């Protein structure tokens, strides 16, 4: 199946990957066929793209990403339409709403979408007698669960602007810089910087009156005598 989506362009979707809604999403009862689209930049999020309406795609996520204790209690009749043979074959997703203010991003825990991965039959449940609501704000959870990423390989120069602009700020607690090129690169990308008020940045990141440039924040430091040899001096005299 070829889908000319508005968001992703042309998508080639194998027939066995088409998700068929046995019980449609509320408010979109005429749309029964979807496909899941992975986007690398969104990590654990997926797009649930309508194959019938190219302009429509729901951002979805497994609710346990934000709420590890999330559980859906359902009876056998409610999932009979999905023809489930093994409980482990059912995946659960919830719709994510991202308003103009990203800090108010929320998920709908009251209307989970169940997908039987064995046959791609799906349905949306409505949890009436439940503690879950239509809108659960998640940005605070997202910020507290971001993994620490360490990349040791050299990054191509053309990717540096993308790396800088992904950050809220650039932090360089340096103990000595000849100039501080990364600090200027971050500022050139519109990203504020936090660095030690010491060495070259102390002078290069201030104007003629000694005032830090816009977006520059200095942190205090204390000069102490080193008690350990520098790495490059090990086994050398």
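Since every read-out is calculated from the coordinates, none of them should be taken as a lab result. Bear in mind the structure is a predicted one, so any value in this text is a computation, not a measurement.
Its alpha carbons considered, the range 1-49 gives a radius of gyration followed by a Dmax of 11.6, 30 Å. The orientation-averaged projected area of the convex hull spanned by the Cα atoms of the range 157-233 comes to 6.6 nm². By DSSP, the beta bridges lying fully in the chain are antiparallel in about 75 percent of cases.
Secondary-structure-derived ellipticity at 222 nm for the chain, considering helices only, amounts to -2500 deg cm²/dmol, per-run term -39500 (n - 2.57) for DSSP H runs with n ≥ 4. When its C-alpha radius of gyration is set against 2.2 N^0.38 Å (N residues), the range 1-119 gives a value of 1.08. Each principal axis of the chain carries a Cα extent, and these read 76, 40, 38 Å when sorted largest first.
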